[in-house]
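The values are calculated or read from the model by the stated rules, or taken from the named source; none is laboratory data. What you see is a predicted model; the values in this text were computed from it and never measured. Quick reminder, even Gly has a Cβ in these numbers, built from the backbone with ideal geometry, and neighbours come from all protein chains shown.
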Amino acid sequence: MKHTLLFFVFILGIASCQSTKPAEIKEDEPFTVWTWMTARRDMPDSAYQTRFKQLEASGVDAVLINTGTDPKELERLAALATEAGLEVHAWMFTMNRPGDTVALKHPEWYAVSREGKSCFDTRPYVDYYQWMCPTREASRSHVLSLVEGLAKVPGVASVHLDYIRYSDVFLPIGLLPKYDLIQNEELPEFDFCYCDVCLGEFEKIHHKNPLAMEHPELDIEWRQFRLNQVKAVVDDAYEIAHAHDKVLTAAVFPYPEMAANMVRQRWDKWNVDKVLPMIYHNFYNEELDWIAFATRQGVTDLSAKETELHTGLYLPSIAPEELLKAITYARDQGARGVALFDANALSDQHLQVLQQFKTSIQ
Ligand SMILES: [Zn+2]
């Protein structure tokens, strides 16, 4: 009788273990922690060495470094980070290229709104929104040449595309009050790109002109054309990265249909090795458990592909005592890691939580 009871308890124990462990966690594959950081030319090697060592010791696996697409600066930092045991990703602004001195000599490279105004001098929302046209040969070649410049840097694991999309048709709802905006429909000043090349290429395929439509925002072909233009840039970048033995990663909006709706970015259709959806719950007035929902949505949409999903978390809205919960939401729903925005917001308390988390899954 005693043995039967023990056996029953044992079985119950196994059953309860199984029921609390989500099937999506792949024990044999590492769950990684990445963080975004912007390079500082005034910061000496020694300061970087200390910082990189601290991050590595706290369980950070990789850094995504924005050097303003400067291969030389990236080479300096990649050597220091890899020496400290970190993987390095070359983070770049892709279609939004603020202050790009080459592009600024070519006003025609910039995206044009439905109002006919160019991002060259009329910038949507903020001054650093300086969007390139993704269709025009010269502007996309320029962007792809920058991808190649970073892909050639030794010691880099991936080229990491950020702002790989159109300007926001809709801003995240939580940000609207900051800009004193109401967006109940696709507004012409935030709807891109209506340049001659985009309109011409579209008309060649579909024999209609969006500017002649009463409601171009309802035209499915026009919408699909623009989703395809972004995909074409990504797919070319993928070939370039792989030609240099690097992979391609991208920072994207929370999940594919939301991304398509807000910024014309359908990332589940792309050739890309890893996506880092920015699942920033506070931007959308959502609660912490939305991280689980959005991660699950993206993982499901990628289920037929090899693309890995790493959940992006916005640290300023995640207190250290909530960080473990946020990471667990992502991991339980099939994310292969988390990416933290950004390294500056990573407090010592956050790092302690990370260290405990990494120890617990080893
Ligand atoms: Zn265009």
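When Tyr194 is tested against (1) within 15 Å of the ligand (Cβ to nearest atom); (2) part of a helix (DSSP H, G or I); (3) farther than 29 Å from Thr307 by Cα, only condition (2) is not met. Give region 120-135 a look and list any residue that's surrounded by fewer than 22 Cβ atoms within 10 Å (Cβ to Cβ) and within 14 Å of the ligand (Cβ to nearest atom), or say none. Scanning region 120-135 gives a single hit, Phe120.
For Val147, are the conditions met, namely being touching a residue at least 40 places away in the same chain (Cβ under 8 Å) and surrounded by fewer than 18 Cβ atoms within 10 Å (Cβ to Cβ)?
Details: touching a residue at least 40 places away in the same chain (Cβ under 8 Å): yes; surrounded by fewer than 18 Cβ atoms within 10 Å (Cβ to Cβ): no.
Considered against the rule, which asks whether it is touching a residue at least 40 places away in the same chain (Cβ under 8 Å) and surrounded by fewer than 18 Cβ atoms within 10 Å (Cβ to Cβ), Val147 comes out as no.
Only one of the listed residues (Glu115, Glu108) is within 16 Å of the ligand (Cβ to nearest atom) and not in a loop (DSSP other than H, G, I, E, B). That residue is Glu108. Scanning region 31-80 for residues that are under 18 Å from the mean Cα position of the chain (by Cα) and outside any loop (DSSP other than H, G, I, E, B) yields Thr32, Val33, Trp34, Thr35, Trp36, Met37, Thr38, Ala62, Val63, Leu64, Ile65, Asn66.
Within the bounds of region 178-191, is there any residue that is at pLDDT below 95, farther than 28 Å from His106 by Cβ and among the basic types (Lys, Arg)? Looking for residues that are at pLDDT below 95, farther than 28 Å from His106 by Cβ and among the basic types (Lys, Arg), one finds at least one in region 178-191, hence yes. Leu199 satisfies every condition listed in (1) part of a helix (DSSP H, G or I); (2) of a type in the set (A, V, I, L, M, F, W, C); (3) more than 16 Å from the ligand (Cβ to nearest atom); (4) more than 19 Å from Ile240 (Cα to Cα) except (3). Region 260-362 holds no helices (runs of 4 or more DSSP H) entirely within its bounds that carry 2 or more residues that are among the small types (Gly, Ala, Ser), under 30 Å from Ala47 (Cα atoms) and at pLDDT below 95. Right, Arg165: among the charged types (D, E, K, R) and surrounded by 22 or more Cβ atoms within 10 Å (Cβ to Cβ) or not? For Arg165, the condition - among the charged types (D, E, K, R) and surrounded by 22 or more Cβ atoms within 10 Å (Cβ to Cβ) - is met.
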